[in-house]
Amino acid sequence: MTKSTNEFSRRSLLRALGVGAAGLALPGLLGGRARAQVEPPRRVVFFITPHGTVWNAWHMDLAGLGPSGSVTLSSQPSDRWSPLLAPFGSLARKLMVVEGLSRPGAIEYEHAHDRQGDAFDLNRHDFGQAHLMTCVDPLQRPSATCIGGGVSIDQVLGAATSAPGRWASRVYGQGHPYSFVAAGEESPRVTDPRVAYDDIVGMRAPSTTGAGDARARAIRAARARVLGRAAAEAERLGVGLGRLDREKLARHAQLVRDLEASFAAAPGGAVASCSPRWVAEAQALDQWSRVITLALSCDLTRTVTLLAPELDPSQIGLPPGVDVHQDYAHRSNRLQPSTYTAEAERGMIQYVGFFAQRFRTLLDQLDSVPEGDGTLLDHTAVVWMSELATGTHDLHDLPIVVAGGASGRLRTDRYVRYARDTRLAAGWGFEVDAGPAQNRFYVSLMQALGVPGDRFGITSVPRVGGGTMSLTSALPELLV
Amino acid sequence: MATRGCVGSTRAAALAFIAGCALCACEGVLLGGPAGPTGSGRPGETPGEPAAGRDGGGDSSPPIDACAGGEVVPTAAPLRRLSTVEYLRTLADLFPGVTVEQPPLPPDTTVDGFENDARSLGPSDLLVARWEDIAFRHAEAVTSTPTRLAAFLPCARDGLAASEARACAGQLLDTFGRRAWRRPLTASERDDLLAFFETQRQEIDLPAAVELTLISLLISPSFVYRLESPRTTAGEALDPYELASRLSYFLWQSPPDDALLDAAGSGGLGNDTGVEAQVARMLEDPKARAAMVDFHRQWLDFDRILRAEHESRTTASITPWTPALRAAIHDEQARFVERTIFDGAGTLRALLTSRDAEVNASLGALYGVGGPADDAAWIAVQLPEGERSGILTRAGFLASHAHAGNGSPPLRGVFVRERLLCEPHAAPPAGANLAPPMVESGAPARTNRDLFAERTAAPQCQGCHVRIDPVGFGFENYDAFGAFRDSEEGLPVDASGSLFGTDSPDPFADAVGLSQRLAESAQVHACATSQWMRFALGAAPGSGEACLRQRLVNGFAATGGDVRALVHAIATAPEWRLRATPID
């Protein structure tokens, strides 16, 4: 362990920065602590909401844009913006709308198992959630809903991009699991914004008992050494065990070493602004936005996944007692006239629109923090997506919105449309025309964030009529 | 028509439901469930990513003849991290009387309700940070003043000579260290920690050396994991300390005490007599009560009533729905289990049929029996005959498997099928209408049963609901609170049903009859055996445990369903004393 006169843990980072835990404003409102001389780190935030979207109210019909291609967003007149994307009009230059991606791995998974003589969980919500961020087959569990079958993209990005001694990633919010540290293991999640805030600012002062601060500092330094010993022990104990057990201990050792580093790391690099204040007001998702902004601005983590819960209809002005899933989501698709109702579509637009407003609040928070030559948002990729494409459970034509450019690596100010030019066999005898795989979107994110690799998850699926569809490589249209 | 169909009308959803229902209808009873992951799925190619796949594979029940040869097959024992419950109970054992404010630990990933599934118990950054923080807080709490230090480690006095300090540190490692790591430290581990202690003593001071050595012990993988060396040859016995940990975390959810460690160290666990004596002793310890209750909490989902969806009710009952009532409903379940297993008949039958109960004021009102004057006091009562019979007729199960306005026959039926009969059921298809059916405004009154029966009447629903509903309807005598009723909206309640497709298929008139059928069912007893094995093994028993399971099922039946005898039989099984094959 490296001794440092600036020894502190992530729990005391803010104290080390000379910032108290009370009485200060939200990030950005005090002008922040921009450090323009250092290139800001690139970050990613995943904002995940349930029930997909309402296609007619989401996608944009834009002049000059055919079945595939892209156009500039900021030049679009306001009347061309769809109801669900209109809240982002003023952020057009920092926005990328991606239309037409699909999830071939999930489509093929259902197709492969729809006649399985077994109790596979083929509920699209369940395996949609398990698959969304892993891009591998879910892990089936007897008598239980399926769960992620591999590590999720946020964990991969977090591990590769985090600063030494900081959280590799954070998962916040409520609802179903999407983020996984390994097959069958959900990432640790904090469900209360206040607890997340306390994690950031430190729950208590380090011990000052005994001989005073010098003694406390000595104990703190020794705690880091204790962690180093524990990590070495985990590495040693793994020898001779089976593969799964050995991998578990190796992961444990790495996590302990990361924690050890947090005791030694000093504030450096680019910290945009760090101005904590707990505010318990506003909608819960907006509280999370403040916590996320704080965590990113203080460089306590560079990867966050925020899981939005199902909403009580009365929260958003829908009739009390309405079941959003049954009464609205399932009936909101005009392409399925046997179930479609205008009332359901309106209700679902209101439902998704509420999340759009929350997403906009998150973007505004990030954009209010000056950093380098721009703002925190400019150096972040903020991705809005859902476990399904629509309320009727489609796994193609995914609605994906990306804000921020990951420090100019992502091509913002674009509406990108992909052709649905690959026919895939779906479950129950159906076929769908699918666009490029979401796997490739994740690879694009990896490259934008400087993470090497050209694949994530399953690498190919069979096409109808023979041949395979590749799920590898980045989508060049998304990258600068 | 007042209700919509059970399934959305998209073709895909309907087909999915038909297929899913057909699957569960054909699955039959699965004794013990499948084994661990076998990897039928496609692995990703993300660096370092393990293979995904179905968790378990098919029927693991052996031909009975295959178990006649007397072969002893070791049970699977993957590396197990302490679950949150185990971790907290271990700390409580190690630091009796010490209370510190602790940060919340992230919840464990559950499998079939169980929190100790080895596959899903891994490390995470948040968990590692919390462990370190909690270790620090405990170590600081017992060393922060001379008085506290003296109480924790009497030899740690001011002014010790170096040799005396080293002896004191050795005492710490030989006592506390042995309990924390559930085994004596090896000579090299001991020397290493002694050297670390001495360095801290010289660089800081004695209390700090004690504090930091404690932290070392508590964040070590030897503390937070239950480590067992894999076997190198067939039939290789566990190290006695490894066996001691298996026993203590199964029977107590906490580490071996000194008596068990002493037995391990003196060869007392090397034969049947010694193991059986320790198990018998441990089952008499109060910690066994807590562990027994906690098994039932996980198996029977006692905490479900604490979910946010049960904070309120939209209908009235014989008593108001208050936070105090909800807390009492939750607490009663544990009280009932402990009372039945340890102070009552002790059988699975009694769990399913006993009318003994403990109530406070709120709960007494709900059950219509005389209770104490307030909620702080609990008294023993007998619940009304004909209205209550065992755990499934208590408000804990009934109210937690209800919607805000009425009971849910599907939720109640699925619970019985899955948890008590070990029948796997596919999740409802995406198109299933899960909202509680309601009578349309102005329409004539209808019973809850009538509304649900209409909801699930479609042929594509019946593949599953033919098994679910006749069980769930058996609980129609209980409203969303769990209060008894014999009429609803002025209409008589029909709570008749049957355990279709089981070994006890005769019709019953109500939940009392249903509970009696379940209590008589060999399938229920076999399922309970499997659930106990899962709790002990940290994984669903699979083909490797098939013969052991069969023997335990037979033994459980022979004892009349004595739960403690079953636990004793698992803990003393020869298979459980062998090293497992490493999982690759």
Separation between Cα centres of the range B:487-552 and the range B:408-456, rounded to whole Å:
19 Å
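For n ≥ 4 DSSP H runs only, could you compute -39500 (n - 2.57) per run for chain B, divide by its residues and tell me the 222 nm figure to the nearest 500?
Details: 24 runs with 266 residues, N = 584.
After summing the helix terms and dividing by the residues of chain B, the value is -14000 deg cm²/dmol.
Over chain B, what is the relative contact order in whole percent, taking alpha-carbon pairs under 8 Å and six or more residues apart? Let's see the in-between values first.
Numbers: 950 pairs, mean separation 134.4, N = 584.
Answer for chain B is 23 percent.
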For the peptides B:204-211, A:406-413, what is the packing order when you average, over each peptide's residues, the other Cβ atoms within 10 Å and list the highest mean first?
B:204-211, A:406-413
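Using Cα pairs closer than 8 Å and at least 6 residues apart in sequence, work out the relative contact order for the range B:500-576, in percent.
Details: 48 pairs, mean separation 17.7, N = 77.
Taking the mean separation of contacting Cα pairs over the length of the range B:500-576, I get 23 percent.
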What percent does the relative contact order of the range B:80-226 come to when contacts are Cα pairs within less than 8 Å and at least six residues apart?
27 percent
Sorted peptide list for B:361-373, B:523-535, B:152-164, criterion being average Cβ within 10 angstrom, highest first:
B:523-535, B:361-373, B:152-164
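Add +1 for every Lys or Arg and -1 for every Asp or Glu among the other residues with Cβ under 15 Å from the Cβ of B:Asp108, and state the total.
That works out to +2.
On average, how many beta carbons from a partner chain sit within 10 Å of the beta carbon of a residue in A:214-226?
Details: counts 1, 4, 2, 1, 6, 11, 1, 2, 11, 10, 1, 5, 15.
Mean shielding count: 5.
Given R₀ = 41 Å, what would the calculated FRET efficiency be for A:Ser78 paired with A:Ala250, taking r from the Cβ atoms and rounding to 0.05? Could the numbers behind the result be given before it?
On the way: r = 54 Å, r/R0 = 1.31.
After rounding to 0.05, the efficiency reads 0.15.
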On C-alpha positions alone, give me the angle between the axis of helix B:511-520 and the longest principal axis of chain B, in degrees, nearest 10.
50 degrees
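Using only protein heavy atoms and a 1.4 angstrom probe, determine the accessible area buried between A and B, summed over both sides, in Å² to the nearest 100. Intermediate results must be reported in sequence, preceding the final value.
Working: alone 19710 and 24870 Å², together 36830 Å².
The A and B chains share an interface burying roughly 7800 Å².
Lys and Arg at +1, Asp and Glu at -1: add these up for the other residues within a Cβ distance under 10 Å of A:Leu65 and post the number.
Working: positive: A:Arg417; negative: A:Asp61, A:Glu99.
So the environment of A:Leu65 carries a net charge of -1.
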How many Cβ atoms of partner chains, on average, are near each residue of B:198-207 if near means within 10 Å of its Cβ?
3
Estimated distance in nm for a label pair at A:Asp421 and A:Glu39, the labels positioned 7 Å out from Cα along Cα-to-Cβ
3.4 nm
Any chance you could check the Cα centroid distance between the range B:201-257 and the range B:74-150 for me, in angstrom?
13 Å
Shielding by partners, peptide A:125-132 (average Cβ within 10 angstrom, other chains)
2
Relative to the longest principal axis of the C-alpha atoms of chain B, give the angle of the C-alpha long axis of helix B:11-27, reported between 0 and 90° and rounded to the nearest 10°.
70 degrees
If you roll a 1.4 Å probe over the range B:506-561 with all protein chains in place, what percent of the accessible area is carbon or sulfur?
54 percent
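Taking the Cβ of B:Leu160 as the centre, find all other residues whose Cβ is under 13 Å away and add up their charges (Lys, Arg: +1; Asp, Glu: -1).
-1
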List of the range A:451-480 residues, accessible area with partners at least 10 Å² below that of the chain alone (1.4 Å probe):
A:Arg455, A:Phe456, A:Gly457, A:Ile458, A:Thr459
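State whether chain B is rounded, prolate or oblate according to the following rule on the C-alpha gyration tensor (a ≥ b ≥ c being the square roots of its eigenvalues): a/c under 1.5 gives rounded; otherwise a/b larger than b/c gives prolate, and the remaining case gives oblate. Spell out each step's value before the answer.
Numbers: a/c = 2.00, a/b = 1.64, b/c = 1.21.
Here chain B falls in the prolate category.
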Using only the alpha-carbon atoms, how far is helix B:459-472 inclined from the longest principal axis of chain B? Give it as 0 to 90 degrees, nearest 10.
70 degrees
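Using R₀ = 30 Å, calculate the FRET efficiency as 1/(1 + (r/R₀)^6) where r is the Cβ-Cβ separation of A:Gln283 and A:Val480; round to 0.05.
Computed FRET efficiency for A:Gln283 and A:Val480: 0.30.
Quickly rank A:364-375, B:182-193 as a protection proxy: mean count of other C-beta atoms within 10 Å, highest first. Don't jump to the answer; show the numbers that get you there.
Working: A:364-375: 21.4, B:182-193: 15.7.
Final packing ranking: A:364-375, B:182-193.
The values are calculated or read from the model by the stated rules, or taken from the named source; none is laboratory data. Everything numeric in this text was worked out from a predicted model, so none of it was measured. Neighbour counts run over all protein chains shown; Cβ positions are idealised from the backbone, glycine included. Only protein heavy atoms, including side chains, enter the accessible area calculation; ligands, DNA and RNA are left aside. Shrake-Rupley method; radii C 1.70, N 1.55, O 1.52, S 1.80 Å.
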